[in-house]
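Structure record follows, encoded as structure tokens.
The values are calculated or read from the model by the stated rules, or taken from the named source; none is laboratory data. Bear in mind the structure is a predicted one, so any value in this text is a computation, not a measurement. Glycine also receives a Cβ, built like all others from the backbone with ideal geometry; neighbour counts cover every protein chain displayed.
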Amino acid sequence: MNPLAPLIATSIVGLVVLVSFDPVSVGVALICEAVLLPWLRLPARRSLQIVAIVLISAALGGVATALYGRPSGVTFFAWGPVHITTGSLELALLVGLRIVAIALPGALVFAATNITALADALTQIAHLPARFVAGALSSLRMMSLLADDWRTMGYARRARGLAARGPFQFVGQSFALFVRAVRRGSALATTMEARGFGSQSPRSWSRPSVWRARDGLLVVAGFVVAGLIVGISVATGSWEVVVFG
Amino acid sequence: MVAAVLGVAAGLIFWLWGLAYQPLAVILGITPGLEGLTAGGWLFAGVLGGLIIRRPGAAIFTSIVAGVVEALLGNAWGSGNIIFALVQGAGAEIGIVLFLYSSSRVYVAIVAGGLAGVANVLITIPLYYSGVVPLVVTVYAVSAVASGIVIGGILAWILARGLARAGALARFPLAHER
Amino acid sequence: MSVAAGVEARGWHWQFSGRTTPALHDLSFSIAPGERVLLSGPSGCGKSTLLMALAGVLGADQGVDAGDLLINDAPPDPGRRLTGLVLQDPETQVIMERVGDDVAFGCENFAVPRLETWRRVNAALASVGLKVGLDAPTASLSGGQKQRLALAGVIAFEPGLMLLDEPTANLDPQGVLDVVAAVTRVVNETGCSLVVVDHNPAPWEQLLTRVMTLDASGGLVSETSEYPRGKRSHVSSPRLPGDLVMATRDLVIGRPGQPPIAVPDLDLRAGTITALTGINGSGKSTLSLTLGGLLAPQSGLIMVGEKLRQGLRARHVPTPHRWPARSLVRRVGNVFQSPENQFVQPTTRAEVGLGLRVAGMGRADVAARVDDRLALMGLTELSGAHPFTLSGGQKRRLALVSATVTSPHLVVVDEPTFGQDDNSWEDVVTLLEELASSGSAVLMTTHDPDLLGVADSIVSLSPREVAS
């Protein structure tokens, strides 16, 4: 499976749900996702973590809507700008579920993606400039190094007699981290340049990235789900496009 | 290349910011839209990359790499996170394009940060605030843009100046400006 | 197989933008194809700059040149595939996530066909003696393995001139031997030319055929017939061991999320220097952090001597990691392996004075003490400079002096002589001895055989995991 295919497919579905704003389209999207996402075969623990964070995020959106949603129906509670009504509670449920429908597929698919394979696909299939993609890919390796630096800097601040935590610590330490990052980035750039990276001449690919029929089918499936969402929603007469505020 | 590593560092900061944000969000989440004040923490990467590198695409690229790193470290948004980063980076990029990549002064950072804030609003409203009264939408929009200007813009500018003073940017135009 | 490349320099200059004097000037020399050269000279004389120039990675955006510098009769350009460069820091030599992909990277850039690329990748890995498999994650390699990986990544595209810039500086003794053996095999197999810069030239002596020396101003390449020997014999004045400052019994250490490590019992006395050795990953740094009061021990006892315990709350005494930061900085001086990770102030002066200010010393006293310390380490001229802008050796000295400015009873130093030239090495050792003579207990981790000669006792850590 080419890593681009599931990313494209889930993006199409996410976009359609983002544009629409009605219970039927959200419901259809969630049902389709519930059927299709288990095929990713992500480890259960990792999936649960992701689901939990998405749910928290959805709950936050829901709470805000319950408090400040467009009021209608019976009012349960009103205080200043807060109006909790049957209407705002319905909207809150819709907003919460909609966030899950939009965010979950992308989050799960990304967690199942091999980054090197994705970079190969981006350069060879999507024809993005190798300069940018390979640069980003190799920089990602700095992640664990910089995380170590961050931890050491925390120790160092205590060793130097400074308070261990607080906003100033965060800002000061962030600065030092960026200095390290730029230094390491410059050295890595030199290493890559010295191995011929970034010259104008053509490049070869040691790992072919292929786009098979089934990758195309998966993208088609994304369009089919998107079509189902809009189609059923329009057919039942509940289709609504999201409005700003 | 340096843009990419700046992005990686920014991504780490994003992630730490995200951890700090969780408890804050619970408090701000019940206010009418003030959650926007925290948005700037995710907006500075594009501005920083743009101010330092000052070439077309640097702001978008730095922002995207930061988004990818944050997603890899394990926030919930996965590819959605990268779309957020792309849109916000584009906002910052527009701000820097307005000055034709010719300046790294503080007003450039303010404009770029503010536009990154606008970009954040454009994507957050339809996702989170599609069901609320206009007042709350307005509060969110204003606070997110303000946060973009202060944290995303001015703080990024201070950071870039500091890096130049620390001698880390000898290869870039910013180091040779007064 | 590669064809060895030759170098010809005629009156070549290089000046970095923003500097008033050239980094390198009036260079005229030639290196015949197949020659193996040691490039020597004092710290900061431009050896690295010359290697970068030969590799063609000094960009026009970084400075201007004059005169001729030619490799096989044309200016250096990495796109010509004539040069291969390996740098000091193993971490910034790794490009890809998997070993095979990393070695293939250069071949891809030079458009080597796929099957040929993988044939070369396997051959290169065999040449450098790295038998870990193509799919092994590069992150899991040791420093010495990473440097051999970098070497493989370079020889895979078959350059005619190999340029090595301090390739062994960050390695433990076994890593140094492995890298030198790998380079020797590669050079003998391919017959390529070689230029090596290394503060520790001894392991390369068998391989190299010629020594070129730069002077301190970056000029005048002279030929030396004699191979350079380290001048690192240090005459110590005798010290008297004093009271126990800190001791451990049955201590088990570990960072969060990593396996616990049992360490031998230690007795750290005032006026002594204790060296801690062991291979990379044996827990030296973790032990430093634990005794330095920065990391909680997993189990066992840390006993704190009379001097250290004065003024501390009784319940805090056995747990240094719970001491308030202000108390810690007066009692323990921690010096980290990477100085950049410990600098927290915008100027060299403020950096040195920080510990004193935190400890509550008056302004005038702070100024006097700071002046004295800056002078001792030869940093007076740089007192207004940002710590990050100092050279590697200066950073190391600043880190040492700023962490020990409060004359702490215990000094914990991680690899104090990494990457130091002979002069800087001498300064570092002098300061450590001064601290011990004035009554501190000094604990240092090191691989440096010369530095071990300075220690009063040596403790060796072997990786002993605790059965859980």
Would you please list the contacts, defined by Cβ atoms under 8 Å and residues six or more apart or on different chains, that run from a residue in segment B:109-135 that is at the interface with chain A (Cβ under 7 Å from one of its Cβ atoms) and farther than 15 Å from A:G61 by Cα to a residue that is surrounded by fewer than 24 Cβ atoms within 10 Å (Cβ to Cβ) and of a type outside the set (A, V, I, L, M, F, W, C)?
B:P134/A:G245; B:L135/A:P81; B:L135/B:P32
Working only within segment C:177-196, note down all residues that are more than 20 Å from C:V103 (Cβ to Cβ), more than 14 Å from chain A (Cβ to nearest Cβ) and buried (at least 23 other Cβ atoms within 10 Å of the Cβ).
C:S193, C:V196
Any idea which of C:D456, C:D414 is closer than 30 Å to B:A164 by Cα, among the charged types (D, E, K, R) and in contact with a strand residue (DSSP E or B) (Cβ under 7 Å, 6 or more places away or on another chain)?
C:D414
Could we say that C:R331 is more than 21 Å from the chain's Cα centre (by Cα) and buried (at least 19 other Cβ atoms within 10 Å of the Cβ) here?
yes
Residues (modelled with pLDDT of 85 or more and either assigned by TED's automatic domain parsing to the domain that holds C:H199 or touching a Leu at 6+ places or on another chain (Cβ under 7 Å) (or both)) located in segment C:378-393
C:L379, C:T380, C:L382, C:S383, C:P387
Give the residues of segment A:69-113 that are polar (S, T, N, Q) and at the interface with another protein chain (Cβ under 9 Å from one of its Cβ atoms), sorted by residue number.
A:S88, A:T113
Please identify the pairs in which a residue from segment C:383-412 that is over 16 Å from C:V428 (Cα atoms) has its Cβ atom under 6 Å from the Cβ atom of a residue that is part of a helix (DSSP H, G or I) and β-branched (V, I, T), counting only partners at least 6 apart or on another chain.
C:S383/C:T348; C:A385/C:T348; C:P387/C:T348; C:F388/A:V179
Evaluate segment C:397-406: report whether one residue or more is outside any helix (DSSP H, G or I), within 18 Å of the chain's Cα centre (by Cα), buried (at least 21 other Cβ atoms within 10 Å of the Cβ) and not charged (D, E, K, R).
no
Check A:L137, A:L89, A:L55, A:L93 and return the single one that is aliphatic (A, V, I, L, M), buried (at least 22 other Cβ atoms within 10 Å of the Cβ) and without any contact (Cβ under 8 Å) to a residue 60 or more places away in the chain.
A:L137
Residue, farthest from the other protein chains (Cβ to nearest Cβ), within segment C:94-106, restricted to residues that are in contact with a Pro (Cβ under 8 Å, 6 or more places away or on another chain) and either on the phi > 0 side of the Ramachandran plot or not in a loop (DSSP other than H, G, I, E, B) (or both)
C:V99
I want to confirm something. Restricting to segment A:13-25 and keeping residues that are buried (at least 18 other Cβ atoms within 10 Å of the Cβ) and not small (G, A, S), which single residue is farthest from the other protein chains (Cβ to nearest Cβ)?
A:V24
When residues of segment C:78-93 are limited to those that are surrounded by fewer than 23 Cβ atoms within 10 Å (Cβ to Cβ) and under 18 Å from C:V112 (Cα atoms), the one nearest to the other protein chains (Cβ to nearest Cβ)
C:G79
Can you tell me how many residues within segment C:137-170 are modelled with pLDDT of 90 or more, in a loop (DSSP other than H, G, I, E, B) and either out of contact with any Lys or Arg (no Cβ under 8 Å at 6 or more places or on another chain) or among the aliphatic types (A, V, I, L, M) (or both)?
2
Among helices (runs of 4 or more DSSP H) completely within segment B:45-162, the ones holding 3 or more residues that are of a type outside the set (V, I, T) and surrounded by fewer than 24 Cβ atoms within 10 Å (Cβ to Cβ) are B:79-97, B:106-128, B:134-147
Residue list for segment C:58-77, filter: more than 10 Å from every other protein chain (Cβ to nearest Cβ), without any contact (Cβ under 8 Å) to a residue 12 or more places away in the chain and in a loop (DSSP other than H, G, I, E, B)
C:A60
Give the number of residues within segment A:160-198 that are more than 14 Å from chain B (Cβ to nearest Cβ) and at pLDDT below 80.
2
Can you confirm whether segment C:323-339 contains a residue that is farther than 23 Å from C:S285 by Cβ, touching a residue at least 60 places away in the same chain (Cβ under 8 Å) and touching a His at 6+ places or on another chain (Cβ under 6 Å)?
no
Which residue, of A:R141, A:R157, is of a type outside the set (A, V, I, L, M), under 25 Å from the mean Cα position of the chain (by Cα) and at the interface with another protein chain (Cβ under 7 Å from one of its Cβ atoms)?
A:R141
Test: A:P71 is surrounded by 15 or more Cβ atoms within 10 Å (Cβ to Cβ) and part of a loop (DSSP other than H, G, I, E, B):
yes
